[in-house]
Amino acid sequence: MLTQLAAKVANLKVITTASRPENDQWACSGAHHVIYPRADWREQLNKINVRLVDYITSLAVSEEHLAKSADILSPQGTFCLIAQPLTTQQKQHLGSLRKVDSYKQ
């Protein structure tokens, strides 16, 4: 539903992730592109002529995905994490999103 709202209501170019190629169809409902979370995000974005993204919404948390998000988020971009409460280590890793001014749980 988030993908459809972003694409149709907010009129954003949506890039979503799918763990396996066979999940493309359901992951892509409304998305313009699909990338694979275990592969290099920057390389995949370069292939579709995207350098940085302005918005990232993450529905799960991992240190690897936080680092990848920090790498592709534009300087004035927005990162939204919708997940279970974070551990102390995960909160510290959010610092890699150097654009983050504050954190609320």
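Return a whole-number percent for the relative contact order of segment 1-83, with Cα pairs under 8 Å and 6 or more residues apart as the contact set.
23
Please work out how much length the chain gains when fully extended from SER29 to TYR55, using 0.36 nm per residue of separation minus the C-alpha to C-alpha distance, in nm with one decimal.
That pair, SER29 and TYR55, stretches by 7.5 nm at full extension.
Between ASN11 and ARG42, what is 0.36 nm times their sequence separation minus the Cα-Cα distance? Round to one decimal in nm.
Computed gain between ASN11 and ARG42 is 8.9 nm.
Any read-out appearing in this document is the output of simple, stated calculations on the displayed coordinates, not a laboratory observation. Only a predicted model underlies this, so the values are computations on that prediction, with no experimental measurement involved.
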